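The block underneath contains the structure these notes are about, expressed in structure tokens.
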């Protein structure tokens, strides 16, 4: 599932992102802003976010009932509003 998510992020595939992301997703973006699933999907839909590189390390999957908790470190590169970025996200 994590590989599908990475591929969807690289492709900007809204249908797959919508299916894979939790409805209550909250994360911090490359600028330090906290975003929701709706925010994330909107940045892809509007073409504001283009991810060109993702490499994952230190991935751990912890089963928890009917779901799993995944933690990882991601090195991500791309552009946001036409400005390039790259960084390490944990």
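The values are calculated or read from the model by the stated rules, or taken from the named source; none is laboratory data. Quick caveat, the model's predicted, so the values are computed rather than measured. Heads up, the Cβs are rebuilt from the backbone with ideal geometry, glycines too, and the neighbour counts pull from every protein chain shown.
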Pairs, first over 10 Å from residue 52 (Cβ atoms) in segment 77-90, second modelled with pLDDT under 90 and assigned to a strand (DSSP E or B), C-beta under 9 Å, six or more apart: 89/27; 89/28
Residues of segment 38-90 that turn out to be touching a strand residue (DSSP E or B) at 6+ places or on another chain (Cβ under 7 Å), exposed (fewer than 14 other Cβ atoms within 10 Å of the Cβ) and not in a strand (DSSP E or B), as a count: 2
Residues being modelled with pLDDT of 90 or more and within 10 Å of the chain's Cα centre (by Cα) - total across segment 26-40: 2
Residues satisfying the stated conditions in segment 9-25, i.e. outside any loop (DSSP other than H, G, I, E, B) and over 15 Å from residue 74 (Cα atoms): 11, 14, 15, 16, 17, 18, 19, 20
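When you scan segment 26-37, how many residues do you find that are loosely packed, with under 13 Cβ neighbours inside 10 Å and either assigned to a strand (DSSP E or B) or free of Cβ contacts under 8 Å to residues at least 12 places away in the same chain (or both)? Please lay out each step first, then the result.
Start the filter on segment 26-37 by keeping residues that are loosely packed, with under 13 Cβ neighbours inside 10 Å, which leaves 26, 28, 31-34.
Filter once more, so that each one left must be either assigned to a strand (DSSP E or B) or free of Cβ contacts under 8 Å to residues at least 12 places away in the same chain (or both): 26, 28, 32-34.
Counting residues in segment 26-37 that are loosely packed, with under 13 Cβ neighbours inside 10 Å and either assigned to a strand (DSSP E or B) or free of Cβ contacts under 8 Å to residues at least 12 places away in the same chain (or both) gives 5.
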